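I have placed the structure first, in the form of structure tokens, so that the comments after it can refer back to it.
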Amino acid sequence: MKRVCIVFCPRDQASIQQRFQAPERRTARRAQAAENTSAVMDELPPPRPTGRDRRAMLRRMKLLWKPWFRREKKKAERLVENPVAVLRAADHAANRAQTARGPLARIWDDLQTALRLARAWSRRDYRGVTRSTIVLVVAGLLYLLSPIDAIIDAIPVLGFLDDALVLGWVFRQVRWELDAFREWESRRLLGNDEPPVSSGALPASAA
């Protein structure tokens, strides 16, 4: 009988190790999300919260969602290199938002504008936006799409609290660009659809 020896190169060993570690990382993320959810529920303000109660909770929530948002932003930086992928993400986010319209009510108009902006940029219809703005917008949409983030989305109402806070923060950062896009939409209805050209509006691969 012949003996067969299989020798793995370092790259193969690293790939196998990553494959076995992936479920562990997902489990760790779920556990962290569950822990965050429990912490938020423990710190919910009383039925008639004061302004100080609300501010304290918002500060606590920001500490919870920031690490998760940084993860989605890294994904967005890669995703914007492929406008088709951005378009696909915007469509999925639009469908996702329909299931949480109540919790997202306060930012609904800005969310719809951001979705239209992402689609127009992906189709190369709109060029008056910087790459950094697109990255932030896409990161916000990816956060909305992720079922496991600072608070697990499966929890009714409360599950989308962090999504609303993250998207609200994103929209404040890109307020000028959202307003400029709305103005462009209005001009387009009148037949003047030439947007201001902003440096870095499209990735090199899509230029």
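No lab work stands behind these numbers, since they all come straight from the coordinates. Bear in mind the structure is a predicted one, so any value in this text is a computation, not a measurement. Methodologically, a virtual Cβ is constructed for each residue, glycine included, from the backbone with ideal geometry; neighbour enumeration extends over all protein chains shown.
Of the peptides 107-119, 83-95, 134-146, how do they stack up when ordered by the mean number of other Cβ atoms within 10 Å, highest first?
Result, highest mean first: 134-146, 107-119, 83-95.
Expected output is a single nm value to one decimal: the length gained when fully extending between Leu190 and Arg71, i.e. 0.36 nm times separation in residues minus the C-alpha distance. What is it?
Net length gain for the segment: 38.8 nm.
Which length gain, in nm to one decimal place, applies between Arg127 and Trp169 when the Cα-Cα distance is subtracted from 0.36 nm times their residue separation?
Using 0.36 nm per residue and subtracting the Cα-Cα distance, I get 12.8 nm.
Compute the distance in nm between two label points, each set 7 Å from the Cα along the Cα-to-Cβ direction, one at Asp179 and one at Arg78.
Computed distance between label sites Asp179 and Arg78 equals 3.6 nm.
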